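The values are calculated or read from the model by the stated rules, or taken from the named source; none is laboratory data. Predicted model, so just to flag it, every value in this text is computed and none were measured. Glycine also receives a Cβ, built like all others from the backbone with ideal geometry; neighbour counts cover every protein chain displayed. These accessible areas exclude ligands, DNA and RNA; they are computed on the full protein's heavy atoms, side chains included. Shrake-Rupley method; radii C 1.70, N 1.55, O 1.52, S 1.80 Å.
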Amino acid sequence: MTAVEEKFSLTEVLSSFKACLEKENQDVLMDYYISGWKGLVRFMNSLGAIFSFVSKDAVSKIQIMEAFRKSSSGDQYRSLQSMVAYELKAKLVDLNKRAEHSNSGCRTILRLHRALRWLQLFLEKLRTSTENSKTSVLCTEAYNDSLANYHPWIIRKTAMVSFYALPARNTFFEVMNVGSIEDVVTMLGEAMPYVSQVYDITQQLYAQHNLLDLP
Ligand code: 1PW
């Protein structure tokens, strides 16, 4: 195994979501949110090429956010809270129809936020699954309960087909690079509350500003 491969572990990925939350005011820090997502993409890519259609969109959304962060207004994108305040005040968000601000930070993060819910449901199902559970079924259930509601038929169809190509439960646990199945279950039990917290705070932020349906 190369050094780079060795470094990847789902533990580290999930710890980015822990680092996301600023201690004093619970702001969700953008750089850690982005690095958490980059890790999730590596995880998805290690599940096989067929899953790359899923990760490609996440990659392009991560790139949009990195570009904002590197731009002259980068400081405004320090946290999800500062981004929302800045983009709304400067009228940089298309609220009803995609037009001149078609790729605002707010709408881009909303897509990743919805996808995070899928991941949360899926990993939780995996954590509590038994030896006979099928990953494709767990993944499909998690998808139907979350992201599918926002996807048109053609994407739902393609997603379902790619789920069938998911590796079996054992392989899945190995790819996570955490240790034995028991180690994975323990790690998920400890790490998932942080992912949930990031999800809940973001959901509340978007609800408060009426941003949950951005086009
Ligand atoms: C096993 C790990 C699971 C992690 C799942 C997180 C990734 C989910 C990405 C799904 C992408 C499906 C194909 C793209 C769909 C886009 O149209 C859609 N994007 C998302 C993230 O839902 C909406 O973005 P758009 O088209 O409004 O820019």
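Some notes on this structure:
- Contour minus Cα-Cα distance for Ile155 and Lys70 (0.36 nm per residue): 27.5 nm
- Karplus (6.51, -1.76, 1.60) ³J(HN,Hα), θ = phi - 60°, over segment 121-131, in Hz, Gly and Pro reported as x: 4, 5, 5, 5, 5, 5, 4, 9, 7, 10, 3
- Karplus-based coupling profile of segment 161-173, in residue order and whole Hz: 4, 6, 5, 4, 8, 5, x, 5, 3, 4, 4, 4, 5, with θ = phi - 60° in 6.51 cos²θ - 1.76 cosθ + 1.60 and x standing for Gly or Pro.
- Remark: accessible surface ordering of Thr202, Thr186 (largest first) is Thr186, Thr202, probe radius 1.4 Å.
- Where Lys91, Lys125, Lys18 fall by accessible area, highest first, once all protein chains stay in place (1.4 Å): Lys91, Lys18, Lys125
- Radius 13 Å from Cβ of Ser162, net charge of other residues (Lys, Arg +1; Asp, Glu -1): +2
- Each residue was assigned an accessible area with a 1.4 Å probe, and for Arg156 the value is about 80 Å².
- Database remark: amide H of Ser79 closer than 5 angstrom to the amide H of Met30 (H placed geometrically; neighbours at sequence offset of 5 or more, or on other chains; Pro and chain starts carry no H).
- Axis of helix 135-144 versus longest Cα principal axis of the chain: the two differ by about 30°, to the nearest ten degrees.
- Per principal axis, descending, Cα span of segment 135-195 in whole Å: 38, 25, 14
- Relative to the longest principal axis of the Cα atoms of the chain, the long axis of helix 181-208 lies at roughly 20 degrees.
- Our compactness index for segment 34-98, the C-alpha radius of gyration over the empirical 2.2 N^0.38 Å, is 1.35.
- Taking the centroid of alpha carbons for each part, segment 79-158 and segment 1-73 are 14 Å apart.
- Residue-by-residue Karplus 3J(HN,Hα) for segment 102-117, coefficients 6.51, -1.76, 1.60, Hz, glycine and proline x: 5, 10, 5, x, 4, 6, 5, 5, 4, 5, 5, 4, 5, 5, 5, 5
- Against the main long axis of the alpha-carbon atoms of the chain, helix 52-70 sits at an angle near 40°.
- Solvent exposure ordering (accessible area, 1.4 Å, most first) of Ser15, Ser146: Ser15, Ser146
- Heavy-atom accessible surface of Glu66, to the nearest 10 Å², is about 50 Å², with a 1.4 Å probe and all protein chains retained.
- Rounded percent of accessible protein surface that carbon and sulfur make up, the chain, 1.4 Å probe: 52 percent
- Largest-first principal axis extents, alpha carbons of segment 9-206, Å: 53, 41, 26
- Placing R0 at 25 angstrom, the Cβ-Cβ distance between Glu141 and Ser102 gives a FRET efficiency of 0.20 after rounding to 0.05.
- Solvent-accessible heavy-atom area per residue, rounded to whole Å², over the chain at 1.4 Å: 52 Å²
- Area accessible to solvent at Ser60, 1.4 Å probe radius, in Å²: 50 Å²
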